[in-house]
Amino acid sequence: MGRTMVERKQRPFIFVSIRASTIRNFIILDLITGTGLYYLIKVATASVLLGSMGSAVGTEVMKRIRVMRLFHKNRSILPVRKKINRRTF
């Protein structure tokens with residue numbers, strides 16, 4: 001308590017930023033789609049347990065399918081490297 005400002009250790013300040021698109025994707029995919037899948041499975045099977053498991057698995061499958069689709073889309077957009085002909089003289 002009796003320390004001066006110079007004697008105190010400087011603690012690093014960590015700043016975390018989250019993009020708005022990430023928050024939007026989370027809300028749409030996890031909350032809205034997960035809730036919809038839960039109620040759909042719950043009504044179809046009359047089981048809360050199956051509804052919970054189905055919504056969790058369903059949202060994870062949707063995430064992985066979307067990630068793979070984006071990977072394949074971006075793969076075709078990558079620039080093509082030109083081969084350089086190096087001749088020795």
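The values are calculated or read from the model by the stated rules, or taken from the named source; none is laboratory data. The structure displayed is predicted, hence computed values, not measured ones. Methodologically, a virtual Cβ is constructed for each residue, glycine included, from the backbone with ideal geometry; neighbour enumeration extends over all protein chains shown. These area figures cover heavy atoms from the full protein model, side chains too; ligands, DNA and RNA do not enter into them. Shrake-Rupley method; radii C 1.70, N 1.55, O 1.52, S 1.80 Å.
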Quiz item: Quick one: which of T4, T33, T59, T45 is at pLDDT below 85 and either aromatic (F, W, Y) or open to solvent by less than 100 Å² (accessible area, probe 1.4 Å) (or both)?
Solution: T4
Quiz prompt | Unmet requirement for I27, which otherwise passes all of (1) loosely packed, with under 10 Cβ neighbours inside 10 Å; (2) at pLDDT below 90; (3) assigned to a helix (DSSP H, G or I) | solution = (1)
